[in-house]
Amino acid sequence: MPTIKDYKPKNKNVRRRPHHEETPIAESASSESTPSEPTAPERKKIHIEFPYSETVRTKVPKVFEVAESVAEEWVNDGNFENVPVGHPLAQITVAAGLRKAKEIEKKLEEKGVFTMAKMGLEYAKSKLNKK
């Protein structure tokens with residue numbers, strides 16, 4: 001029959017957790033301290049604003065919550081899993097659609113489609129201004 005000694009960790013600086021790899025216990029604060037590194041890059045916060053947006057926001061706050069959440073995920077290259085749409089199946093569908101749209105946007109950017117469209121728009125503006 002196994003004894004308690006059989007279950008003790010061989011290294012005292014290691015804590016065993018079930019279903020996890022061995023992780024070293026943090027050293028005491030008296031040892032060398034390293035500057036804290038940011039754990040994740042800062043995410044840009046998006047606040048949607050347009051004329052009379054505050055009036056619309058008071059009437060339908062849920063719409064603005066969803067729109068700002070989608071805009072934040074889009075700008076920060078998120079995975080759209082936290083879009084507050086209410087139903088789990090709707091959330092999965094929305095996330096899949098938005099990820100696909102983001103992929104398409106990246107492909108178009110790589111091909112230079114947006115740059116050419118901007119050039120075409122500037123050309124059209126210049127033609128209209130000449131007339």
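Each value in this text was obtained by applying a stated rule to the coordinates, not by laboratory testing. Just so you know, these numbers come straight off a predicted model, no measurement behind them. Positions of Cβ are backbone-derived with ideal geometry, glycine not excepted, and every protein chain shown enters the neighbour counts.
General remarks:
- Residues within the reach of a label modelled at Lys102 (point 7 angstrom out along Cα to beta-carbon, backbone nitrogen below 19 Å), restricted to the stretch 52-69, are 65-69.
- Full-extension gain in nm, Glu49 to Glu110, via 0.36 nm per residue minus C-alpha separation: 19.0 nm
- Listed pairs Lys107/Lys127; Lys44/Lys107; Lys62/Lys102 exceeding 26 Å between Cα atoms: Lys107/Lys127
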